[in-house]
Structures are given as C-alpha cells and as structure tokens.
Amino acid sequence: MKNSKALYIGLIVTSLVPALVYYFTTVNEDATPQSGQRSNRASEPVSTLKKSPQSTKTTKPAPKQLDPLAGAVNKRFADKPDVQKGWASRGQTIVLKNHPTADSANFSNTFFHRGFKDLAVACGEVQFEAHGEIIDDYQRFIYSGGQSTHLESDIPNFYLLWDKLCVQTYDR
C-alpha cells in the first residue's frame, strides 16, 4: 500500500510541473520580463560539480570538507535535513547533466523548498564552465524531480515559475 501511495504522489508531481511550466511560459508572453524575487537567504559558498568520466577506477575518498549543502536545509519544512540535502544535490547533478556543452558548473544559493501545492523542489543559481572558461553568467534553476530541470535562460517569464515554486509557501 505504501508503494502505491508513493507512485500516486510521483505521478501527480510529474504531471503538475510540466503543466505549470506550460502555464507560466504561455501567460503574459508579451509582458516585459521582470527580475522576479530572489531568495532572501544569506549567500553560501559556491560549490562546483564536474562531469565524471565513465571509469571503473576507484580513488581514495576526498578529505572531509565543510558541507557545501548545509545552507540547503530549511527548518520550516518537516522533511529531514538529509532528504533536503539530497534534493539539492540531485538538482545540481541533473542541471549539469542536462547542459550539453558544460564540463562543470558552479552552484550558489541552492536550497530546498516546498512551494505551490506543497511540491518539493530544489532551487538555486548556476554558472556553467567548459574547458576552464565560463560559458554564462549565473542564472536561476529549478529542479522538481525526475530527469528535468528548468533554467532561467530557457523559459520566458521564468520569474513567474520561480515565484510559485521557490518563493511562496502555502500553509498546509
């Protein structure tokens, strides 16, 4: 019974996000883009991810460092800190994986949030690099599960989607 509930919730989430993206990309197409609201979180250290080569060689674990996703945890939400960090980490991985020309990416202000309809998302800013050179300036991203992410440069009126999923919080 528990598996069917998780499957049902997964189906709702995967059908809700594309509908929201479609709605926010078609509403006010002629409106002038606005900056939208940014997170009011204090800036956190930038974390960098690199695409890993497909190799079977094992390496020694890296020395213990400060947790770059410590700022991803939001105590307002009932989700455990490990779950919230997992969402943020997975979102960063999928953002980099979906960018065809980037070798690595610098992430800043990545955080977990439950916004519209209590939907769990990871939101933040990303800057892509290829061959050691910066491709783009920082832009916002939204990861809502699965294998897809939404980048500010890809969606007109992105600020509407950001406001719904990454800024607003509705009481349960």
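What order, most packed first, do the peptides 81-87, 129-135, 117-123 have when packing is the mean number of other Cβ atoms within 10 Å of each residue?
117-123, 81-87, 129-135
Hey, got the Cα dimensions of the range 77-159 along the principal axes, in Å, largest first?
Principal axes ranked by extent give 40, 29, 21 Å for the Cα atoms.
For Phe77, enumerate residues with amide H under 5 Å from its amide H, sequence gap 5+ or separate chain, H modeled in the peptide plane.
Hits under the 5 Å cutoff: none.
Quick note: the coordinates plus some simple rules give every number you see, no bench work behind them. Not measured: the values here are computed from a predicted model. With ideal geometry, Cβ positions are generated from the backbone for all residues, glycine too; neighbour counts draw on all protein chains shown.
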